[in-house]
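Here's the structure we're looking at; comments come further down.
The values are calculated or read from the model by the stated rules, or taken from the named source; none is laboratory data. Remember, it's a predicted structure, so these values are computed and weren't measured experimentally. Backbone-built Cβ (ideal geometry, glycine too); neighbour counts: all protein chains shown. Just the protein is used for accessible areas: all its heavy atoms, side chains included, with ligands, DNA and RNA removed. Shrake-Rupley method; radii C 1.70, N 1.55, O 1.52, S 1.80 Å.
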Amino acid sequence: MSIHNNKGNECLLSATNSTCADKDPARMFDIIYVLMKKSILLIMLLLTQLAVAQNRQNTLWYKQPANDWNEALPVGNGRIGAMVFGQPWHETIQLNEESLWAGSKAPGDADATAHLPEIQQKLIDGEVAEAIALSEKYLQSNPMRIRSYQSFGLLDIEMTSPTANKLTDYERNLHLPSGVATTTFTQGDVRFTREVFASAPDNLLVIRIAADKPRQLNLKLSYSRQQDAVAMPTADNMLSIAGQIIDLPSPQTDKAGAHEKFGGLVKGVNKGGTLLAVNNSIWVSEADEVVFYVTMNTDYNFEKLNFDRNISPTDLCRQQIDKLKSRDYNDVKARHTADHESLFGRVSLTLGDPQCNDLPTDERLRAVKEGAIDPALVALYFQYGRYMLMDSSRHPGVLPANLQGIWCQDMNAAWNSDFHTNINIQMNYWPAEVCNLSETVQPFSDWIDKLREPGRVTARKTYNARGWTVNHVSNPFGHTAISDGVGWGTFPIAGAWLVLHQWEHYLFTADTDYLRTTAYPCMKEAAEFLLSFMIDDKEGHLVTAPSNSPENTYRLPDGQTFKLTYGATMDVEIITELFEACLKAGKVLKTDADFGKQIRQALKKLPPIKIGKRYNTIQEWIEDYEEVEPGHRHVSHLFGLYPGTLITPARKQLFEAAKRTIERRRKYNEDPKTRQGSYTGWSRAWMINFYARLLDGEEAGANVQALLGKSTQWNLFDSHPPFQIDGNFGGAAGIAEMMLQSHAGELHLLPAIPSAWSHGDVSGLRARGGFTVDMKWADGKLTEAIIHANRQQKCAVRYNGQVKQIRVDAAKPYKIRFD
């Protein structure tokens with residue numbers, strides 16, 4: 001963004017061209033004075049605009065309220081979420097609590113042990129239709145579907161306008177570092193301010209409304225929910241919410257009935273005027289300021305993966321409200337801000353012109369949708385992804401981020417806003433480690449650990465195997481059975497994929513205690529499942545059966561189309577990654593030598609990753625089948641490229657075949673003449689990561705541009721459509737991957753920077769091995785890099801074809817330079 005002042009420039013030009021300047025010294029002095037004055041004014045203007053722009057860095061801001069939920073702004077503390085619309089006189093704040101789910105614990109695993117060998121043999125023999133008929137009969141769970149994550153309800157704030165004057169100076173914003181959503185506007189000579197944030201230290205939502213003139217606040221705050229809840233006063237300044245989910249009969253879902261209980265409290269504290277709770281509302285009259293403290297809970301017990309009637313949601317809410325004691329708003333906000341900034345502030349990123357931040361976010365996004373390049377918006381999008389991960393997956397929350405993180409307006413959400421385990425929940429956590437938010441993995445890791453118990457039942461009853469697994473969807477009640485039909489739902493490799501995130505957590509943190517007590521036990525048991533589940537195919541390879549390549553369909557030469565198969569390429573890649581991780585973990589922990597021998601023997605028998613003769617691309621299935629949908633959104637057979645580590649430049653043939661695979665996918669997805677696919681936001685985000693690993697900065701940058709231009713809503717939410725948060729998280733991970741990679745045993749600096757990001761700086765990115773990296777670059781070239789380490793160690797650092805070996809001391813960062 002540049003500043004042009006044509007009128008001023010013309011004035012300066014006329015002054016310097018004066019014909020009498022060289023004849024009259026006084027006139028010359030006047031000219032110099034005018035020039036100096038205008039220069040100073042211009043510099044001051046530039047500095048002011050730069051300061052404003054810098055103050056807006058890492059801030060989403062708008063000149064108008066949200067018209068719908070997909071324009072509202074999210075706040076959260078890992079357990080409580082809220083969407084803030086910013087309406088001046090009739091504000092809406094939509095609420096969520098992470099554990100408020102319909103349904104109940106219903107294992108429902110199919111008892112298929114007697115029939116699995118026949119199903120497996122028919123798949124190996126190519127009798128797919130017969131295998132599917134048996135699978136439909138014996139593998140499907142009962143119930144076959146799970147129920148949805150739900151909204152906690154709405155807070156409506158109706159304010160009375162003090163005058164008939166036109167509203168002016170409106171702005172709403174979300175300041176990412178502090179996690180505070182603010183709405184400001186002026187009516188007449190009164191300035192109104194509304195602040196909303198979700199505090200992790202105090203475990204509640206806070207809403208402050210203030211006017212800069214006394215006795216100007218007249219409002220009513222009301223709670224509502226479209227079903228299953230009521231609100232009533234319990235004190236003059238307290239509103240109590242009580243509810244219980246009533247699940248109605250629904251085909252193929254768990255039993256109907258009165259299930260999870262939930263409750264909430266809203267406490268009002270006013271300065272000046274009066275405040276009184278009546279019915280489902282709190283009325284405020286002639287106040288200077290009012291603060292509402294909101295908390296909500298359910299009777300969900302994470303330890304039991306079920307609701308627990310020994311838990312009183314209302315008692316939990318009262319304990320949280322009582323902890324406030326006499327602390328005032330400023331103290332609560334200060335505690336929240338310090339906590340939030342301590343996480344968010346670990347990583348900084350500057351791209352492009354910072355003055356672009358002085359434009360409203362929706363205007364910038366509209367420009368990008370029309371073809372503009374705005375690297376500073378890319379930096380904002382990256383930080384927004386970090387913000388939403390830390391606000392939807394951290395203490396005091398106990399559950400991982402779901403398909404919508406923690407923010408959901410529905411009672412029956414798209415795909416139930418569930419834990420989708422065939423890529424989506426995994427993608428949620430792709431940015432966690434590299435973006436220096438390692439704590440966000442804790443709820444995810446804890447949930448994986450808890451799934452082992454129900455997953456053992458699924459392994460034993462459905463797959464006749466030891467260990468544990470889960471299929472393609474789950475929920476807080478520990479659902480691990482095959483759901484949504486065997487074609488879509490049979491995904492026994494999901495458990496192995498999940499535990500690779502625990503291994504990644506160890507690689508980034510070098511936390512041996514975590515590896516010993518949490519990660520390795522989950523990994524080993526997932527590997528045990530695979531060792532006992534896999535069978536020999538006709539070539540003598542160990543393969544998974546049944547299997548699928550998530551959600552994609554192949555065509556046999558006779559024209560029949562199927563999803564179910566054996567030994568899909570993604571399975572081979574995930575199994576290889578897990579088995580090799582188990583060997584490395586066993587070596588670190590100096591344990592399980594005999595188990596390691598079993599793993600090594602199995603690794604030798606796995607099928608290779610194949611390059612198909614049909615299109616010279618990575619083969620998606622065990623045979624070189626034709627694809628029914630060549631532009632399919634899932635590119636599962638490239639797991640080995642990203643997030644896996646098997647396809648690298650060192651394996652040139654696979655690396656080049658991966659490029660061709662992506663080119664073919666994109667041809668059939670993006671070319672109007674051949675379009676047969678279904679690109680989604682998260683699929684586009686995956687493309688960014690693919691191209692980053694292919695070291696192609698221009699294509700990675702083009703896909704960042706496309707993610708913003710085609711799959712991003714005005715509040716920067718990813719659009720599947722509808723909203724699905726994995727695209728935000730995958731996009732943030734991809735942007736990080738373009739700047740730093742560490743999967744190949746070295747730190748690779750700026751491996752895939754596009755020319756549009758010619759200047760930039762980043763600090764705080766994390767790398768495997770316990771490293772933290774700061775970098776600056778100009779004209780597309782690295783100018784400075786500083787490597788920090790959490791312990792003294794050696795590492796290799798690569799940049800632009802050069803590799804240097806360095807030793808980094810924990811107490812002394814290493815500044816490295818390249819020619």
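Worth pointing out:
- Among the trypsin sites (Lys or Arg not before Pro) found in segment 481-579, those both in a DSSP coil and sparsely packed, with 11 or fewer other Cβ atoms within 10 Å of their Cβ, are 538.
- Three-way shape label, segment 241-361, alpha-carbon gyration tensor, a/c 1.5: oblate
- Dimensionless Rg over Rh [the chain; C-alpha; Kirkwood]: 1.01
- Net charge in the neighbourhood of residue 777 (other residues with Cβ under 9 Å of its Cβ; Lys, Arg +1, Asp, Glu -1) is -1.
- Low-density loop positions, trypsin sites (Lys or Arg not before Pro), segment 646-736 - DSSP coil, at most 10 other Cβ in 10 Å: 673
- Straight-line cross-link reach from residue 261 at under 17 Å between alpha-carbon atoms covers these lysines, not counting any fewer than eight positions away in the same chain: 105, 304.
- Candidate aspartates and glutamates - alpha carbon under 13 Å from residue 710, same-chain residues fewer than 8 apart omitted: 370, 670, 718
- Alpha-carbon centroid distance for the pair segment 243-290 / segment 89-148, whole angstrom: 34
- Listed cross-link partners 461/604; 267/333; 776/815; 613/652 are compared with a 22 Å cut-off, the Cα-Cα value being larger for 461/604.
- Label point of residue 517 set 7 angstrom out along Cα-Cβ; within segment 427-456, amide nitrogens under 20 Å from it belong to 438-453.
- DSSP-assigned coil residues among chymotrypsin sites (Phe, Trp or Tyr not before Pro) in segment 428-493, each with at most 16 further Cβ atoms within 10 Å: none
- Euclidean distance between Cα centres, segment 610-656 to segment 330-358, Å: 40
- Tilt relative to the chain, helix 6-16 - C-alpha long axis, 0 to 90 degrees, to 10: 50
- Around residue 280: net Lys/Arg minus Asp/Glu count, Cβ-Cβ under 12 Å: +1
- Degrees, to the nearest 10: 441-463 long Cα axis against longest axis of the chain: 20
- Whole-percent carbon and sulfur share, accessible surface of segment 127-248, 1.4 Å: 49
- Derived from the Cα gyration tensor, the three semi-axes of the equivalent ellipsoid of segment 569-675 are 32, 13, 11 Å, largest first.
- Highest to lowest packing among 489-499, 782-792, scored as the average C-beta count within 10 Å: 489-499, 782-792
- The calculated 222 nm mean residue ellipticity attributable to helices in the chain amounts to -11000 deg cm²/dmol, summing -39500 (n - 2.57) over DSSP H runs of n ≥ 4 and dividing by all residues.
- Within straight-line cross-link reach of residue 597, lysines at Cα separation under 26 Å, skipping those fewer than 8 residues along the same chain: 524, 538, 584, 587, 605, 610
- Within-10-Å neighbourhood charge of residue 432 [Cβ basis; K, R +1; D, E -1]: -1
- C-alpha center-to-center spacing [segment 507-566, segment 421-488] in angstrom: 13
- Stretched out straight at 0.36 nm per residue, the stretch from residue 812 to residue 158 would grow longer than its current Cα-Cα span by 229.8 nm.
- Dipole of segment 454-573 [Lys/Arg +1, Asp/Glu -1 at C-beta], most positive-end residue of 492, 503, 457: 457
- Amide H partners (placed H, <5 Å) of residue 619, local residues excluded: 610, 611, 612
- Diffusion coefficient, µm² s⁻¹, Stokes-Einstein with Kirkwood Rh over alpha-carbon pairs of segment 442-500 at 4 °C and 1.567 mPa s: 115
- Solvent-accessible surface of the chain, averaged per residue with a 1.4 angstrom probe and all protein chains in place: 38 square angstrom.
- Computed with a 1.4 Å probe over protein heavy atoms only, the accessible area of residue 627 comes to about 30 Å².
- Rg(Cα) / (2.2 N^0.38 Å) computed for segment 79-225, rounded to two decimals: 1.83
- Sorted peptide list for 266-272, 395-401, criterion being average Cβ within 10 angstrom, highest first: 395-401, 266-272
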